[in-house]
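Participant: I am attaching a structure below and will ask some questions about it afterwards.
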Amino acid sequence: MNSLSISLFGMNGSTIAAIATPVGSGGIGIIRISGEDALSIALNIFRRSHPLSPAAPFEPTRGAFKSCTLYHGYIVDPENRRVLDEVLLAVMIAPNSYTREDVVEIQAHCGYIVLNSILELVLKSGARLAEPGEFTKRAYINGRIDLTQAEAVIDVINAKTNKSLEIAVVQIAGDMRMCIETIRDLLLHILIEIEASIDFPDDTKEIIDTDVAIEVIQSKVIDVLKGLIDQYKNGHILRDGLKVVIAGKPNVGKSSLMNRLLQKDRVIVTSIPGTTRDLIEETLSIRGIPVNITDTAGLHETNDPIEAIGIKKTCEYINNSDLVLFMVDGSCPLTNEDYEIYKKIKDKRLILVINKSDIVVDELNFDIPDYWVKIPKIKISALYNERLDLLKDLIAKVSLSEEDFDAENTIIPNLRHKLALDRSLLSASSAVEGIKTGVPFELIAIDIKEAIDCLDEITGAALNEDVIDQIFSRFCIGK
């Protein structure tokens with residue numbers, strides 16, 4: 001990134017500060033400072049415990065600090081010399097820091113009053129309050145990480161399962177960037193040959209072998225792009241989470257199933273149909289998959305206005321879900337309500353959950369309709385917690401398809417990456433078709449440039465201020 005880029009994002013050499021630990025009481029709370037004045041601000045408010053007394057001034061030179069060193073001492077208000085807290089001061093001198101700027105972290109006792117009092121002193125001494133994600137944004141702008149690695153930082157913070165953490169760690173190590181840069185370099189090499197052929201048309205055969213170009217783009221660009229896109233389709237739920245809705249008519253056991261999966265009595269369960277009127281959401285991990293599961297109001301015709309609102313919301317959640325657990329009562333024949341519910345959810349990814357197997361051990365009291373045969377199905381007893389482990393296995397299998405993901409060694413793009421990969425694939429495919437059919441090299445060059453530009457969007461090499469702001473707005477202040 002150049003100075004123009006830095007100016008574009010409003011950095012302008014300012015020094016930023018923020019509390020980098022969550023709100024609440026605890027052992028350690030951290031105030032992070034980054035920028036050209038970070039060390040002078042620390043000198044203004046920090047008093048070293050040894051060899052000087054707490055009230056004595058610290059050495060007033062930047063050279064007093066050694067990089068990657070902890071200093072014990074006190075935070076002192078320079079106006080009244082009041083000691084606010086005993087702290088450790090961590091110093092990281094540019095470029096050997098998270099942001100590639102001078103960084104100071106004050107490790108104080110964790111409490112709302114003490115941390116905010118120290119932060120107020122830091123701001124009075126010349127820093128400004130950091131915006132959400134601004135420390136990581138500076139790491140990106142200063143070239144320490146690319147945009148995919150910056151996005152992986154928030155994925156690490158938000159990881160809800162071990163597998164989602166493994167995916168984020170692969171991303172933060174730069175595996176996505178290296179894969180994209182390899183594809184980009186191949187396209188760039190072919191683009192250079194094509195542009196040279198445009199400039200020297202009489203020497204085209206000596207400059208570029210079109211058969212080789214087609215083979216390279218097809219096998220090392222298009223096939224790799226398709227693989228990345230497939231990995232998103234099959235594995236993004238490991239990062240983003242799986243939206244699961246339990247749907248069925250009233251009193252089939254939806255709330256009991258919810259409670260069993262959560263292993264706590266989260267939902268009121270009674271024998272009275274229609275007990276659940278609002279949607280109840282919880283998160284849990286199922287076989288390493290982060291799952292957002294929703295218990296819904298029973299779907300049926302009703303004149304109750306409150307129930308009707310719950311049913312309307314249920315339909316909205318079903319439309320936005322990744323998986324529907326279609327629950328029916330195995331102890332009695334299917335009803336028109338069951339068939340009507342199926343019509344509403346038949347286009348979604350489904351698992352047929354046949355409940356109350358404790359009542360019907362051998363044979364169901366109904367025949368599975370022919371058009372339900374291909375739906376994955378399982379008999380359970382939510383009341384007695386029977387076969388719930390098998391249901392969890394089925395949820396994982398249906399959600400992740402047949403593949404056994406090695407999350408630690410698999411690059412799984414996020415949605416932003418996937419959309420850019422789709423466009424790059426389209427342009428690369430158009431270039432291959434153009435070479436095969438003898439389209440003028442000028443048009444083929446346009447397709448290849450567009451494919452490269454889409455890849456640059458992923459890593460952030462093609463600067464788009466709106467995209468950058470949108471990404472970093474997801475961060476908390478202090479990261």
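Participant: Among the numbered criteria (1) at pLDDT below 95; (2) closer than 17 Å to Val103 by Cα, which single criterion is violated by Arg47?
Facilitator: Tallying (1) at pLDDT below 95; (2) closer than 17 Å to Val103 by Cα, Arg47 fails exactly one: (2).
Participant: Within the range 67-184, which helices (runs of 4 or more DSSP H) (wholly inside it) include 1 or more residues that are among the basic types (Lys, Arg) and open to solvent by less than 50 Å² (accessible area, probe 1.4 Å)?
Facilitator: Here the list reads 134-141.
Participant: On the basis of being modelled with pLDDT under 90 and either outside any helix (DSSP H, G or I) or in contact with a Ser or Thr (Cβ under 6 Å, 6 or more places away or on another chain) (or both), does Glu402 make the cut?
Facilitator: Against the criterion (modelled with pLDDT under 90 and either outside any helix (DSSP H, G or I) or in contact with a Ser or Thr (Cβ under 6 Å, 6 or more places away or on another chain) (or both)), Glu402 qualifies.
Participant: Separate question: I'm trying to understand the selection: among the residues of the range 341-356, which are open to solvent by 90 Å² or more (accessible area, probe 1.4 Å) and farther than 16 Å from Val244 by Cα?
Facilitator: Lys343
Participant: Among the residues of the range 177-185, is any at pLDDT 85 or above and either basic (Lys, Arg) or touching a Phe, Trp or Tyr at 6+ places or on another chain (Cβ under 6 Å) (or both)?
Facilitator: yes
Participant: Within the range 449-473, how many residues are over 21 Å from Leu228 (Cβ atoms) and surrounded by 15 or more Cβ atoms within 10 Å (Cβ to Cβ)?
Facilitator: Number of matching residues: 3.
Participant: Further, regarding this structure: Name the single residue, out of those in the range 283-314 being outside any loop (DSSP other than H, G, I, E, B), at pLDDT 80 or above and open to solvent by 40 Å² or more (accessible area, probe 1.4 Å), that is farthest from Ile246 (Cα to Cα).
Facilitator: Ranking the candidates gives Ser285 first.
The values are calculated or read from the model by the stated rules, or taken from the named source; none is laboratory data. Keep in mind that this is a model prediction, so the values were computed, not measured. All Cβ positions, even for glycine, are placed from backbone atoms using ideal geometry, and neighbour counts span all protein chains on display. Ligands, DNA and RNA are excluded from the accessible area calculation, which covers all protein heavy atoms including side chains. Shrake-Rupley method; radii C 1.70, N 1.55, O 1.52, S 1.80 Å.
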